[in-house]
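First comes the structure, then the notes that go with it.
The values are calculated or read from the model by the stated rules, or taken from the named source; none is laboratory data. Values in this document were obtained by computation on a predicted structure and should not be read as measured data. With ideal geometry, Cβ positions are generated from the backbone for all residues, glycine too; neighbour counts draw on all protein chains shown.
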Ligand code: UDP
């Protein structure tokens with residue numbers, strides 16, 4: 001297919017672009033490089049530096065491009081930042097995304113795949129989380145993603161545009177070429193690997209008094225190449241839908257650090273600090289639906305393999321991409 005990927009210079013976007021290209025799709029990337037990296041753009045793809053706020057340019061571009069599908073990653077994604085600056089999240093993730101939705105309608109796009117999140121569930125009332133679990137976000141980031149899911153529902157009702165909302169749990173790991181490089185870095189796995197590499201003194205564990213087996217938060221870590229596979233399958237999904245993407249297994253912060261010690265052979269010091277606001281104790285996905293309806297078949301569900309892939313990338317790119 002001829003696919004437009006927004007945010008293709010970002011963490012999950014770059015791995016998905018690579019995956020699509022390896023599977024004979026044609027890819028054009030639109031990215032503002034606000035948080036993405038020029039070096040994370042696969043050289044085989046067309047690249048256009050554009051912000052989604054550029055409404056007329058975007059609509060013109062999509063109308064001219066003969067695209068069959070759009071995969072929409074471009075968004076801000078830091079929970080903590082969204083609690084400080086909600087406007088940034090609602091403007092970019094929602095208002096600017098409306099420009100893309102209108103461009104998709106104008107360009108007669110057949111399939112729209114949206115990067116949603118487990119953060120739309122807030123503090124879930126059941127575990128593992130199903131797609132039918134009530135979505136009650138507890139931060140503007142999750143709210144901004146839920147709002148776009150709702151807009152997609154109406155664009156589908158009114159314009160007939162098929163969409164797939166993919167709700168990721170904790171994206172982790174790396175492909176051979178592309179990995180995780182945020183500034184500032186806030187995610188657990190890259191922070192743990194920075195400590196392993198001696199780039200930070202220790203890992204602060206955000207709370208060890210949760211109601212979990214070892215007191216630390218439990219998350220469902222999913223390899224970015226498995227997320228990439230789900231996006232490709234979603235392109236040709238027969239109907240609109242919402243899907244959780246996770247392994248169904250949860251690992252505590254302490255367990256992740258222990259696995260990282262084994263994988264890297266490094267000591268990795270820790271300190272216990274206070275809870276981070278907005279952190280649910282446990283987030284584990286029930287991904288039965290994606291496996292059944294999308295034929296999703298994740299291949300890297302082992303936490304050791306996930307962390308090992310991130311470590312291999314880290315050793316190759318110790319300071320991440322060189323465009324900072
Ligand atoms: N975490 C931590 N120390 C850190 C970063 C993260 O203890 O330096 C914890 C965080 O509180 C959460 C888990 O690790 O329970 C995963 O956090 P991350 O930011 O990677 O992903 P999130 O679950 O927020 O999407």
Qualifying positions in segment 112-147 - in a helix (DSSP H, G or I) and free of Cβ contacts under 8 Å to residues at least 60 places away in the same chain: 119, 120, 140, 143, 146, 147
Matching helices (runs of 4 or more DSSP H) fully within segment 6-111 where at least 2 residues are modelled with pLDDT of 95 or more: 11-22, 55-64, 86-89, 96-106
Among (1) more than 29 Å from residue 111 (Cα to Cα); (2) in contact with a strand residue (DSSP E or B) (Cβ under 7 Å, 6 or more places away or on another chain); (3) in contact (Cβ under 8 Å) with a residue 40 or more places away in the chain, the one test that residue 172 misses: (1)
Scope segment 67-100; condition more than 16 Å from the ligand (Cβ to nearest atom), over 11 Å from residue 6 (Cβ atoms) and free of Cβ contacts under 8 Å to residues at least 60 places away in the same chain; matching residues: 85, 86, 87, 88, 90, 91, 92, 94, 95, 98
Which listed residue, of 176, 186, is modelled with pLDDT under 95 and near the ligand (Cβ under 8 Å from one of its atoms): 186
Cβ pairs under 7 Å, 6+ apart, first in segment 5-18 and without any contact (Cβ under 8 Å) to a residue 60 or more places away in the chain, second in a loop (DSSP other than H, G, I, E, B): 9/33; 9/36; 9/37; 9/41; 17/8; 17/42; 17/45
Pick from segment 191-203, criterion closer than 18 Å to residue 252 by Cβ and within 10 Å of the ligand (Cβ to nearest atom), ranking: surrounded by the fewest Cβ atoms within 10 Å (Cβ to Cβ): 202
Total residues in segment 49-66, condition touching a residue at least 40 places away in the same chain (Cβ under 8 Å), surrounded by 15 or more Cβ atoms within 10 Å (Cβ to Cβ) and out of contact with any helix residue (DSSP H, G or I) (no Cβ under 6 Å at 6 or more places or on another chain): 4
Matching residues, segment 298-315, being within 18 Å of the chain's Cα centre (by Cα) and loosely packed, with under 14 Cβ neighbours inside 10 Å: 299
Yes/no for residue 244 being away from the ligand (no atom under 11 Å from the Cβ), touching a residue at least 40 places away in the same chain (Cβ under 8 Å) and over 30 Å from residue 27 (Cβ atoms): no
Filtered residue count, segment 274-297, keeping only those that are farther than 21 Å from residue 124 by Cβ, within 16 Å of the ligand (Cβ to nearest atom) and buried (at least 16 other Cβ atoms within 10 Å of the Cβ): 0
Single residue of segment 262-297 satisfying the filter (under 23 Å from the mean Cα position of the chain (by Cα) and part of a helix (DSSP H, G or I)) that is nearest to residue 239 (Cα to Cα): 293
